[in-house]
Ligand code: AMO
């Protein structure tokens, strides 16, 4: 029976193990043939190590296609090599699966490939150390967010993604036939469920997919993406702005302080997050006007306008108190000026990372808002009925996790931080 077990990862091989028998599992990266022996570099998920092959195995190692999966065993000895302190003097060299050449991309990272080629071969792309590091950071970030939110009394929930009616209004909805009986849709967000859950669970969060039939061709839009959503009873919008500030701050310091090696490898971005600046929508209009772009109260901030703002405010900042009519039906008006809303976006330069706000919890006002936005309250009855069961005032937000990862890892394209991105062109792999 073939023994496929390793005793160590490449990174664990150090001076303390010299003289011991070790076994490594990984992929052949380089082979240097110098006649009676060959120097082979084996890479696993933790790094690379050098192995010295002699005897009959030399031929096998020299002929082995690069990137084939192998296990190698032998005694660890000190090395004179420039890049390695120690090396394995091989007594066993087994090729487990041969790589078939030509490979679609070069996972050593020496030859760069365009993002589309890399995504077509994503599983192999992940063997590139920098790419694997992005996904380790992505995982560490999720754990960190879970810890932050749990410590603040939020419980994690999972709401349906196959639903009977829109959660965010009619646009951008993927619909399909449901057993020949009716239409069903993929959830654009957990918005309505998370609000209902504040009735019984008080503070909830969900980390899950959003589906949007968004015909956008940009480096920041996908049709399926991951969001962190929260909703909390008896908190106002300024309170949940503070929650998101803590969440983002903790992820950034997790990367900078606890995942330093991966963070440096990916070329991560150190972001300063002492106190995130809070601008109102109207202040933004003034700033944009000074830059020569005139917008009227009630106009949405165009891409061009956001890019101007992004040049003035290069890091993180909030835009709050948007005109009510620009915001979804579930957003609460400001008590002292009903034209404005208790809403906010968290921006990083021109890029929107989060949007949220206080929610309308008065069912009759909510019905009016639906009608104002051209939506039919009848289609929301399942949701609206919960508002008659003592709905608490509540606030929350949705954070685009892929966009946050894009910023923190210094990536230029959201596709870099998503394993198998989905956009208008891409449904595979
Ligand atoms: P919104 O529609 O602003 O809010 O979405 C929340 C956050 O999700 C991210 N995002 C996207 N990321 C990648 N590709 C896309 N196509 C895309 N669209 C949005 C952004 C955005 O800030 N229910 C509200 C949230 C709430 O109020 O709680 C909502 O869906 O980072």
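The values are calculated or read from the model by the stated rules, or taken from the named source; none is laboratory data. A quick note: this is a predicted structure, and the numbers were derived from the prediction, not measured. Note: ideal-geometry Cβ built from the backbone for every residue, glycine included; neighbour counts use all protein chains shown.
Details
- In segment 314-353, the residue that is farthest from residue 171 (Cα to Cα) out of those that are assigned to a loop (DSSP other than H, G, I, E, B), out of contact with any helix residue (DSSP H, G or I) (no Cβ under 6 Å at 6 or more places or on another chain) and at pLDDT 95 or above is 336.
- None of 24, 52 is more than 39 Å from the chain's Cα centre (by Cα) and touching a residue at least 12 places away in the same chain (Cβ under 8 Å) except 52.
- Of all residues in segment 168-226, those satisfying the criterion of being assigned to a helix (DSSP H, G or I), out of contact with any strand residue (DSSP E or B) (no Cβ under 7 Å at 6 or more places or on another chain) and within 13 Å of the ligand (Cβ to nearest atom) are 191, 192, 193.
- In the set (1) at pLDDT below 95; (2) surrounded by 15 or more Cβ atoms within 10 Å (Cβ to Cβ); (3) away from the ligand (no atom under 16 Å from the Cβ); (4) under 22 Å from residue 246 (Cα atoms), residue 280 fails one condition alone, (1).
- Check on residue 103, over 30 Å from residue 234 (Cβ atoms), within 16 Å of the ligand (Cβ to nearest atom) and modelled with pLDDT of 95 or more: no
- Among the conditions (1) more than 16 Å from the ligand (Cβ to nearest atom); (2) in contact (Cβ under 8 Å) with a residue 60 or more places away in the chain, residue 155 misses just one, which is (2).
- Residues that are in a helix (DSSP H, G or I) and without any contact (Cβ under 8 Å) to a residue 24 or more places away in the chain within segment 277-295 comprise 283, 285, 286, 288, 289, 290, listed in sequence order.
- Failed criterion for residue 322 (all others in (1) more than 11 Å from the ligand (Cβ to nearest atom); (2) surrounded by fewer than 23 Cβ atoms within 10 Å (Cβ to Cβ) hold): (2)
- Filtered residues of segment 32-49 (kept if buried (at least 17 other Cβ atoms within 10 Å of the Cβ) and free of Cβ contacts under 8 Å to residues at least 60 places away in the same chain): 37, 38, 39, 40, 41, 42, 44, 48, 49
- Breaking point among (1) part of a loop (DSSP other than H, G, I, E, B); (2) surrounded by 14 or more Cβ atoms within 10 Å (Cβ to Cβ), for residue 308: (1)
- Count of segment 328-350 residues, restricted to those that are surrounded by fewer than 19 Cβ atoms within 10 Å (Cβ to Cβ) and under 22 Å from the mean Cα position of the chain (by Cα), is 2.
- Residues (more than 19 Å from residue 28 (Cβ to Cβ) and part of a loop (DSSP other than H, G, I, E, B)) located in segment 59-86: 80, 82, 85
- Residues being surrounded by 15 or more Cβ atoms within 10 Å (Cβ to Cβ) and within 13 Å of the ligand (Cβ to nearest atom) are entirely absent from segment 133-142.
- Scan of segment 158-167 for residues that are within 13 Å of the ligand (Cβ to nearest atom) and either over 27 Å from the mean Cα position of the chain (by Cα) or closer than 15 Å to residue 381 by Cα (or both), ordered by number: 166, 167
- Any helices (runs of 4 or more DSSP H) falling wholly within segment 355-425 and containing at least 2 residues that are within 14 Å of the ligand (Cβ to nearest atom) and surrounded by 14 or more Cβ atoms within 10 Å (Cβ to Cβ): 401-408
- Filter pass, residue 232 being within 28 Å of residue 374 (Cα to Cα), modelled with pLDDT under 95, within 12 Å of the ligand (Cβ to nearest atom) and not in a helix (DSSP H, G or I): no
- Per this entry, residue 270 is not counted among residues that are modelled with pLDDT under 95, away from the ligand (no atom under 16 Å from the Cβ) and not in a loop (DSSP other than H, G, I, E, B).
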